[in-house]
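Written out below as structure tokens is the structure these notes cover.
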Amino acid sequence: MSHNSDSGILIIDKPADITSAKVVALLKKLTGAKKAGHAGTLDPFATGILICCLNEATKISGFFLGGDKKYQARLRLGISTDTQDFTGKILSTCNEFNFSSEEIAAVFNKYTGDIEQIPPVFSALKYKGVPLYKLARKGRPIEKPARKVRINYLKILETNLPEIFFEVSCSGGTYIRTLCADIGRDLGCGGHLKELRRIESSGFHLSEASTMDGLEKLALSGNIGSRIIKMSDALKNIPGYIADDAFIKRISCGNTITDKDISSDFLTGFGNFIKIVNKENELIAVLKMINCRFIYCCVINRF
């Protein structure tokens, strides 16, 4: 039996008040997976898309971490917190919200395109192997240097001061709570993230997501496998090359693969990565071309 049959991707609509790690732990129990992980955490209070990888699919999780994300968020002006969201300690308050819609739009527009963003001290980023939020909770906050992120667009959906409901499309690694804090600072009243929902992630949409309650019912009926996306299908933006048995054997033995092993017609304009699949569209490996040779990004155990 192919090991691909119990490996794949589950798109979860994460509920509020549960950690991403807890979701993964529950999925392991529901599916019987030996290994599981997620590709991009959500804060406990946040909801929406959480990409979860089962068994051999954990080998391809890195392809989803840096993908673009889309969120709907609620900014609460007038209150700044140390975590930049509603769970933190209040640092300052302000009751002056005499902003016109044009003034608000002008500040939002500042944050489109490539911007520099300082990651929050309460984050899962690590300093010498320790998550920043653990250091911050001990009174030893570490500030990471600013890094470049990309805001594809910011769209104000509703303004009911002191709250602004908006949608944002951004690169992976963008902190929406930092965006809220920065906008509040620029408006001169401070602000924090009150509500967050991830509606797209690395090409996956909420329409493809399963709820935890729904998965529990499917598990009881033995049909949870119907919601698992095949690894080859999950890597939707990487071109697939159908390999014959001889080629698959070479890959399983770790043999060197060059551009001469792939048809020239396929390689024309294919990009850096290629996924090798068999005739059943099961993922065999993901390769990356460097100087006319392919390096192995991952090889899937099929047995």
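The values are calculated or read from the model by the stated rules, or taken from the named source; none is laboratory data. Note that this is a predicted model, so its numbers are computed, not measured. Cβ placement follows ideal geometry from the backbone for every residue including glycine, while neighbour counts extend to all protein chains displayed.
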> Can you name the residue in segment 1-46 that is polar (S, T, N, Q), surrounded by fewer than 21 Cβ atoms within 10 Å (Cβ to Cβ) and over 12 Å from the mean Cα position of the chain (by Cα) and, of all such residues, is farthest from residue 226 (Cα to Cα)?
Replying inline: 19
> In segment 203-226, how many residues are over 26 Å from residue 169 (Cα atoms) and either not assigned by TED's automatic domain parsing to the domain that holds residue 56 or not polar (S, T, N, Q) (or both)?
Replying inline: 11
> Do we have residue 257 as among the aliphatic types (A, V, I, L, M), surrounded by 11 or more Cβ atoms within 10 Å (Cβ to Cβ), under 16 Å from residue 63 (Cβ atoms) and touching a Phe, Trp or Tyr at 6+ places or on another chain (Cβ under 6 Å) here?
Replying inline: no
> Which of (1) closer than 30 Å to residue 87 by Cβ; (2) part of a strand (DSSP E or B); (3) without any contact (Cβ under 8 Å) to a residue 40 or more places away in the chain does residue 193 not meet, given it meets every other one?
Replying inline: (3)
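What are the residues in segment 184-201 that are more than 22 Å from residue 15 (Cβ to Cβ), touching a strand residue (DSSP E or B) at 6+ places or on another chain (Cβ under 6 Å) and not small (Gly, Ala, Ser), if any? Steps first, answer last, please.
First, the residues of segment 184-201 that are more than 22 Å from residue 15 (Cβ to Cβ): 184-191.
Remaining after also requiring touching a strand residue (DSSP E or B) at 6+ places or on another chain (Cβ under 6 Å): 184, 189-191.
Result: 189, single match.
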> Mind checking whether some residue in segment 148-161 is surrounded by fewer than 20 Cβ atoms within 10 Å (Cβ to Cβ) and part of a loop (DSSP other than H, G, I, E, B)?
Replying inline: yes
>> Any residue in segment 56-80 that is outside the structural domain of residue 162 (by TED's automatic domain parsing) and free of Cβ contacts under 8 Å to residues at least 60 places away in the same chain sitting within a Cβ distance under 6 Å of a residue that is crowded, with 20+ Cβ neighbours inside 10 Å and of a type outside the set (Phe, Trp, Tyr)? List the pairs, counting only those 6 or more apart or interchain.
In response: 61/39; 61/53
> Across segment 279-303, which residue is surrounded by the fewest Cβ atoms within 10 Å (Cβ to Cβ) among those that are in contact with a helix residue (DSSP H, G or I) (Cβ under 6 Å, 6 or more places away or on another chain), at pLDDT 90 or above and not aliphatic (A, V, I, L, M)?
Replying inline: 281
> Out of segment 228-247, which residues are crowded, with 17+ Cβ neighbours inside 10 Å, modelled with pLDDT of 95 or more and in a helix (DSSP H, G or I)?
Replying inline: 231, 232, 234
> When segment 60-115 is examined, which residues are found to be of a type in the set (S, T, N, Q) and part of a loop (DSSP other than H, G, I, E, B)?
Replying inline: 61, 83, 84, 87, 95, 98, 100, 112
> Pick from 172, 184, 188: which is surrounded by fewer than 16 Cβ atoms within 10 Å (Cβ to Cβ) and of a type in the set (Gly, Ala, Ser)?
Replying inline: 188
